[in-house]
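The values are calculated or read from the model by the stated rules, or taken from the named source; none is laboratory data. Worth saying up front: this structure is predicted, and the values here are computed from it rather than measured. All Cβ positions, glycine included, derive from the backbone under ideal geometry; neighbour counts span all protein chains shown. In case anyone asks, the SASA skips ligands and DNA or RNA and just uses the protein heavy atoms, side chains included. Shrake-Rupley method; radii C 1.70, N 1.55, O 1.52, S 1.80 Å.
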Amino acid sequence: MGSAVLKISDLDGRVLTIERGLSDNVLGTTKSSRTRRLTLGKTTIEMIEKHVKQWDKEFDRAEGDDWLFSADPSRSSYLKIDLLSRRMRRLGSRAGVSNRALHRLRHAVATHLVGSGKLLKAQARLGHRDPSTTLRHYAHATILDDDDVADEINNLLAFG
């Protein structure tokens with residue numbers, strides 16, 4: 001889960017660079033040991049910028065203390081996975097979301113993309129090395145909309 005170890009400096013405009021991860025709450029490389037880049041939505045960027053400005057105005061922080069998700073206002077340390085997960089569940093509860101969990105957001109995005117025919121974009125966002133991995137986990141989301149193919153085969157095989 002890389003989201004807990006993101007730094008404000010990992011953002012360049014709307015592009016987020018993911019190069020760190022946590023394994024058993026130990027900071028290191030990402031699960032795949034590869035750096036990934038994701039484009040974030042404008043609303044997400046606005047929310048992050050507003051949050052950072054508010055914290056910067058209210059609290060002093062030292063150079064280099066720029067963890068995006070931090071347990072303290074100084075941003076001198078990253079959030080541990082369990083604390084981030086608890087906060088996500090609490091926010092989901094307040095918003096009336098059932099089955100709230102941070103990892104469900106990842107699955108929801110992947111399911112939406114695969115269901116929309118964007119397998120390669122889902123693969124890139126998930127960080128899967130091979131699209132077959134993405135398809136193996138999200139094939140249930142593909143829509144069976146091949147009536148045109150069935151009709152074409154039918155016409156090809158039709159005797160007439």
Selection status of S70, farther than 25 Å from D130 by Cα, open to solvent by less than 80 Å² (accessible area, probe 1.4 Å) and either over 15 Å from the mean Cα position of the chain (by Cα) or of a type outside the set (A, V, I, L, M) (or both)
yes
So how many residues does segment 90-111 have that are touching a residue at least 12 places away in the same chain (Cβ under 8 Å) and farther than 24 Å from S33 by Cα?
3
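Hey, among the residues in segment 4-57 that are among the polar types (S, T, N, Q) and in contact with a helix residue (DSSP H, G or I) (Cβ under 8 Å, 6 or more places away or on another chain), which one's farthest from R129 (Cα to Cα)? Reasoning before the result, please.
From segment 4-57, those among the polar types (S, T, N, Q) are 9, 17, 23, 25, 29-30, 32-33, 35, 39, 43-44, 54; that's our starting set.
Checking the rest, the ones that are also in contact with a helix residue (DSSP H, G or I) (Cβ under 8 Å, 6 or more places away or on another chain) come to 17, 25.
Numbers: T17: 17, N25: 24 Å.
Among those that are among the polar types (S, T, N, Q) and in contact with a helix residue (DSSP H, G or I) (Cβ under 8 Å, 6 or more places away or on another chain), it is N25.
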For segment 1-35, enumerate the residues that are in contact with an Asp or Glu (Cβ under 6 Å, 6 or more places away or on another chain) and either open to solvent by 70 Å² or more (accessible area, probe 1.4 Å) or among the hydroxyl-bearing types (S, T, Y) (or both).
S9, T17, T35
I'd like the residue in segment 130-152 that is modelled with pLDDT of 90 or more and open to solvent by 40 Å² or more (accessible area, probe 1.4 Å) and, out of all such residues, is nearest to H103 (Cα to Cα).
H137
Residue hits (segment 47-67; open to solvent by 60 Å² or more (accessible area, probe 1.4 Å) and closer than 22 Å to R14 by Cα) are M47, E49, K50, H51, K53, Q54, D56
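Based on what the data block shows, is G28 touching a Gly at 6+ places or on another chain (Cβ under 7 Å) and at pLDDT 85 or above? Please lay out each step first, then the result.
Working: touching a Gly at 6+ places or on another chain (Cβ under 7 Å): yes; at pLDDT 85 or above: yes.
So G28 fits the description; yes.
Residue-by-condition table, conditions (1) touching a Phe, Trp or Tyr at 6+ places or on another chain (Cβ under 6 Å); (2) among the aromatic types (F, W, Y); (3) open to solvent by less than 50 Å² (accessible area, probe 1.4 Å); (4) at pLDDT 85 or above:
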| position | (1), (2), (3), (4) |
| --- | --- |
| R37 | no, no, no, yes |
| I45 | no, no, yes, yes |
| R86 | no, no, no, yes |
| R89 | no, no, no, yes |
| S93 | no, no, no, yes |
| N99 | no, no, no, no |
| V114 | yes, no, yes, yes |
Per-region count, segment 118-129, residues surrounded by fewer than 16 Cβ atoms within 10 Å (Cβ to Cβ), out of contact with any Leu (no Cβ under 6 Å at 6 or more places or on another chain) and free of Cβ contacts under 8 Å to residues at least 12 places away in the same chain:
2
What helices (runs of 4 or more DSSP H), lying completely within segment 55-138, carry at least 1 residues that are at negative phi and touching a strand residue (DSSP E or B) at 6+ places or on another chain (Cβ under 9 Å)?
81-94, 119-126
